[in-house]
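Peer 1: The structure's right below; bear with me while I get my questions together.
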Ligand code: GDP
């Protein structure tokens with residue numbers, strides 16, 4: 001089972017400290033709202049989302065006396081309300097193989113996430129094939145092979161520097177022949193040359209569509225939660241490069257700044273399929289908006 005979310009004081013834990021047994025009540029006034037906004041922004045929620053959350057919280061409650069526990073509950077409720085519509089596991093289709101393209105910048109946790117996903121689906125009785133589509137990074141290919149072994153899933157590779165699209169095509173072949181349920185395709189994450197990357201991704205898509213016009217069925221963007229507000233610009237960038245259908249947020253175990261997820265949900269509304277909560281194979285958890293909101297608010 002997955003590790004819990006960051007066991008640090010959440011946003012309001014840092015603002016108010018631990019709630020005392022007999023809690024003082026605080027007046028919900030402009031000063032209080034300002035400090036709330038400030039901690040939300042510090043937690044990477046972004047100004048726009050932070051203002052919306054505090055405005056919703058304040059509505060009809062200005063001047064009321066609230067305990068810290070009540071404020072925490074209200075805030076967690078507001079966060080959960082934004083997150084609920086985007087909390088969705090990766091949809092599974094009857095289509096065989098279901099092709100999942102995995103994109104994201106290097107270091108975001110693509111390889112690790114593919115390994116974890118492969119393991120989860122295999123445990124659920126699905127037949128999985130992985131394609132090591134980042135053919136330019138030998139280390140990434142090796143790493144993926146290690147994950148494939150751990151997950152008990154075959155990893156298709158190609159010689160260093162060879163065409164990722166032709167590897168994807170061969171992997172489609174293999175997945176079809178094996179009757180695989182799922183084909184997970186890793187891709188390069190070099191953002192230094194976006195034009196190249198865009199063409200590379202487009203070619204992979206073109207080639208796999210020769211075998212299945214409805215593929216890829218999902219394009220997962222993997223984001224590193226510790227990059228904070230950067231995650232927002234990564235979504236913008238990758239949406240121009242590929243038809244992103246959902247997100248996986250990694251490294252939520254290593255940050256108290258998970259607020260960027262709220263900003264992402266608020267701005268893009270893309271489904272969050274899973275969250276990474278550690279480096280081990282089982283450390284991929286479904287995204288639970290209530291748990292997340294409570295952990296964030298603290
Ligand atoms: P890639 O370059 O996008 O393929 O990224 P990797 O999968 O190689 O991951 C980069 C680093 O992040 C590795 O050291 C991983 O162990 C680590 N990592 C990935 N996901 C998580 C996570 O959810 N939590 C933590 N703590 N580390 C992670």
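All of the numbers you see were taken from the coordinates with simple rules; none came from a lab. In this text, all values refer to a predicted model and were calculated from it rather than measured experimentally. For neighbour counting, all protein chains shown are included, and Cβ atoms are generated from backbone atoms with ideal geometry for every residue, glycine included.
Peer 1: Note the full-extension length gain between residue 27 and residue 174 as 0.36 nm times their separation in residues minus their Cα-Cα distance, in nm to one decimal.
Peer 2: 46.5 nm
Peer 1: In addition: Given R₀ = 41 Å, what would the calculated FRET efficiency be for residue 213 paired with residue 268, taking r from the Cβ atoms and rounding to 0.05?
Peer 2: Working from the Cβ atoms, E equals 0.95.
Peer 1: For the stretch 27-98, what mean projected area does the convex hull of the alpha carbons give, in nm²?
Peer 2: Here the figure is 6.6 nm², rounded to one decimal.
Peer 1: Here is a follow-up. Take the Cβ-Cβ distance between residue 14 and residue 65 as r, set R0 to 25 Å, and report the resulting FRET efficiency rounded to the nearest 0.05.
Peer 2: Efficiency for this residue pair is about 0.70.
Peer 1: Express in nm, to one decimal, how much length is gained between residue 95 and residue 281 on full extension, taking 0.36 nm for each residue of separation and deducting their alpha carbon distance.
Peer 2: 64.4 nm
Peer 1: For labels at residue 55 and residue 243 in the simple 7 Å Cα→Cβ model, what's the distance in nm?
Peer 2: Result: 3.5 nm between the two label points.
Peer 1: To the nearest 10 degrees, how steep is helix 230-241 against the longest Cα principal axis of the chain, on a 0 to 90 scale?
Peer 2: For helix 230-241, the angle is close to 40 degrees.
Peer 1: Also: Could you tell me how many degrees, from 0 to 90 and to the nearest 10, lie between the Cα long axis of helix 110-123 and the main elongation axis, the longest principal axis, of the Cα atoms of the chain?
Peer 2: Approximately 80 degrees, to the nearest 10.
Peer 1: How far is the Cα center of the stretch 89-107 from the Cα center of the stretch 183-228, in Å?
Peer 2: Here the answer is 10 Å between Cα centres.
Peer 1: Here's a follow-up. For residue 288 and residue 192, calculate 0.36 nm times their separation in residues minus their Cα-Cα distance, and state this gained length in nm to one decimal.
Peer 2: Gain on stretching residue 288 to residue 192: 31.1 nm.
Peer 1: Tell me the angle of helix 194-211 to the major Cα principal axis of the chain, expressed in degrees between 0 and 90 and rounded to the nearest ten.
Peer 2: 60 degrees
Peer 1: Let me ask another. So if I restrict to the alpha-carbon atoms in the chain, what is the Rg, and what is Dmax, the biggest pairwise distance, in Å?
Peer 2: Both quantities, over Cα of the chain: 21.1, 67 Å.
Peer 1: With the cut-off at 1.5 for a/c, could you classify the stretch 240-298 from its C-alpha gyration tensor as rounded, prolate or oblate?
Peer 2: Since a/c reaches 1.5 but b/c is at least a/b, the shape of the stretch 240-298 is classed as oblate.
Peer 1: In whole Å, what three semi-axes, largest first, describe the equivalent ellipsoid of the stretch 135-225 built from its Cα gyration tensor (square root of 5 times each eigenvalue)?
Peer 2: 19, 18, 13
Peer 1: Right, here's the next one. What distance in nm separates the two pseudo spin-label positions at residue 48 and residue 160, each 7 Å out from Cα along the beta-carbon direction?
Peer 2: That separation, rounded to one decimal, is 4.3 nm.
Peer 1: Let me ask you something else. At residue 206 and residue 122, where each label point lies 7 Å from the Cα along Cα→Cβ, what is the point-to-point distance in nanometres?
Peer 2: My value for the distance between the label points is 3.4 nm.
Peer 1: What is the fewest-to-most order of 211, 65 by other Cβ atoms lying within 10 Å of their Cβ?
Peer 2: 65, 211
Peer 1: Okay, moving on. So for the chain, averaging the separation of alpha carbon pairs under 8 Å that are six or more residues apart and normalising by length, what relative contact order in percent results?
Peer 2: Normalised by residue count, the contact order of the chain is 28 percent.
Peer 1: Please report 130, 272 as a ranked list, fewest other C-beta atoms within 10 angstrom at the top and most at the bottom.
Peer 2: Values: 130 30, 272 22.
Lowest to highest Cβ neighbour count: 272, 130.
Peer 1: Same structure again: Return the single residue from 262, 103, 244 with maximal mean-square fluctuation; model: Gaussian network over the chain, springs between Cα atoms under 10 Å.
Peer 2: Fluctuation is largest for 244.
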